[in-house]
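> Take this structure first; my questions come after.
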Amino acid sequence: MGSSGDEIANIAFNKLGSFRATMNLSRTGQNIPGDFATYVVNAPIKVIPSSKPFELTGEVKELEDETIQVPFNGEFAPFGGQEEFFTVMVNGEAFEIASVAVNADDATKMDIKLAAPIYRPDVITVSYSGGGIESSDTREALPFADEPVLMSSVNLLPADIAGLETGADSWAPFWSNKGTAEYSTEQAATGEYSLKLKIEAGQDNAEAGAAFTNPIIFEEGVTYIVSYDMYIAPDAVGGDGTSSTGLFLLQNWGFQFWNNFAHPLGEWKTYTVDYQSTTPLSQFYLRILPNAEKTTDMTVYYDNFSIIEKEERP
């Protein structure tokens, strides 16, 4: 089974043999009429051994259970005893490998387990020098060196509030908003959408809010990392250190993630802050305040809101 959100779908068949295929097609999006259809491919699809190299494809990732998962462009034949051909560097030090095995649910991936724990801030790379690993159609797995590992992070925020990719109404103008607060495709750190706040000269603020269907409950004594990406449009006026933007985690009015726009115009930058609280989070409130003269005239985009539990290596 495969899926694609692209205009032209490229679906990979990773097993040898003959297959019948069915396509389920759907269409959704902002200002686009929804529709769904099923198409049956009557002719069988015959999959023969590939002539392409059997190699690493995509990102090497750490899973939530500290498994390092390595994706290839085909299925692995069963193997064992290959640990000696792998090197995993953690913060510049080679860590002992406990096991390397084919993933039980997806044979295009192999799972590496280390003998010692790993932590989110660790910098990890994986190398394979070449051994006896083959694909299910007998192609030899190609070596690779110093591939970075994308570390696992469980974002506590709902996806529609965190990344805005629904292009819907999870974020909305706050009741006291005087500027512009809306979804935008003009700029995005990732995906297609970001949150756009625009304040013009003479306006008191630009404000947006996002209410949570279910409040986030924080654990006592646990530190969390709150972060977001921000882009200041190049034509900004008044970003001189006296204008400011602030993110409130309501109902904790005492905490404000404050920023004075002190970074170069026309580029995305990530901002982070540590957070400890036992007050449930039921709403985001984001605002721009002008300078004292109210000459601030600027457009700011926000994306990739995140709250994750902080990890530190002992």
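The values are calculated or read from the model by the stated rules, or taken from the named source; none is laboratory data. Keep in mind that this is a model prediction, so the values were computed, not measured. Cβ: placed from backbone, ideal geometry, glycine included. Neighbour counts: every protein chain shown. Quick note on the areas: whole protein, heavy atoms, side chains included, nothing else; ligands and nucleic acids left out. Shrake-Rupley method; radii C 1.70, N 1.55, O 1.52, S 1.80 Å.
> Can you give me the number of residues within segment 171-190 that are over 16 Å from Arg287 (Cα atoms) and either out of contact with any Lys or Arg (no Cβ under 9 Å at 6 or more places or on another chain) or open to solvent by less than 30 Å² (accessible area, probe 1.4 Å) (or both)?
Qualifying residue count, segment 171-190: 5.
> Moving on to the next point. Is it fair to say Ile216 is under 26 Å from the mean Cα position of the chain (by Cα) and crowded, with 17+ Cβ neighbours inside 10 Å?
Criteria not met by Ile216.
> Which ones in segment 104-121 are open to solvent by less than 30 Å² (accessible area, probe 1.4 Å) and either in contact with an Asp or Glu (Cβ under 6 Å, 6 or more places away or on another chain) or modelled with pLDDT under 95 (or both)?
Ala107, Thr108, Ile118
> Now a separate question. Here are Ala94, Ala98, Ala145: which of them is surrounded by fewer than 12 Cβ atoms within 10 Å (Cβ to Cβ), within 22 Å of Pro78 (Cα to Cα) and at pLDDT 95 or above? Give the derivation first.
Details: Ala94 fails: within 22 Å of Pro78 (Cα to Cα); Ala145 fails: within 22 Å of Pro78 (Cα to Cα).
The match here is Ala98.
> Any residue at all in segment 168-184 that's over 22 Å from the mean Cα position of the chain (by Cα), in a loop (DSSP other than H, G, I, E, B) and hydroxyl-bearing (Ser, Thr, Tyr)?
Yes, some residue in segment 168-184 is over 22 Å from the mean Cα position of the chain (by Cα), in a loop (DSSP other than H, G, I, E, B) and hydroxyl-bearing (Ser, Thr, Tyr).
> While we're looking at this one, here's another question. Given the residues Val300, Val273, which is the only one that is touching a residue at least 60 places away in the same chain (Cβ under 8 Å) and assigned to a strand (DSSP E or B)?
Matching residue, one of Val300, Val273: Val300.
> For segment 25-34, check the following and say yes or no: at least one residue is touching a Ser or Thr at 6+ places or on another chain (Cβ under 8 Å) and either surrounded by 16 or more Cβ atoms within 10 Å (Cβ to Cβ) or at pLDDT 75 or above (or both). Talk me through it step by step, then tell me what you get.
Initial filter on segment 25-34 (touching a Ser or Thr at 6+ places or on another chain (Cβ under 8 Å)): 25, 34.
Of the ones still in play, those that are also either surrounded by 16 or more Cβ atoms within 10 Å (Cβ to Cβ) or at pLDDT 75 or above (or both) are none.
Within segment 25-34 (the criterion being touching a Ser or Thr at 6+ places or on another chain (Cβ under 8 Å) and either surrounded by 16 or more Cβ atoms within 10 Å (Cβ to Cβ) or at pLDDT 75 or above (or both)), the answer is no, since none of the residues qualifies.
> Would you check which residues across segment 255-278 are surrounded by 16 or more Cβ atoms within 10 Å (Cβ to Cβ) and within 12 Å of Ala236 (Cβ to Cβ) and list them?
Residue satisfying the conditions is Phe261 alone.
> Being in contact (Cβ under 8 Å) with a residue 40 or more places away in the chain, hydrophobic (A, V, I, L, M, F, W, C) and not in a loop (DSSP other than H, G, I, E, B) is the requirement here; does Ala201 meet it?
no
> Continuing with this model, one more query. What pairs come out if I take residues in segment 55-84 that are loosely packed, with under 13 Cβ neighbours inside 10 Å and pair them with residues that are not small (Gly, Ala, Ser) whose C-beta lies under 8 Å away, six or more apart or interchain?
Partner pairs satisfying both residue conditions: Thr57/Pro71; Thr57/Phe72; Thr57/Asn73; Glu59/Pro71; Glu59/Leu150; Leu63/Gln69; Glu64/Val154; Pro78/Val102.
> Ok, one more. Does Gly81 satisfy the condition of being modelled with pLDDT of 90 or more, over 24 Å from Leu150 (Cβ atoms) and of a type in the set (Gly, Ala, Ser)?
Spelling it out, Gly81 is indeed modelled with pLDDT of 90 or more, over 24 Å from Leu150 (Cβ atoms) and of a type in the set (Gly, Ala, Ser).
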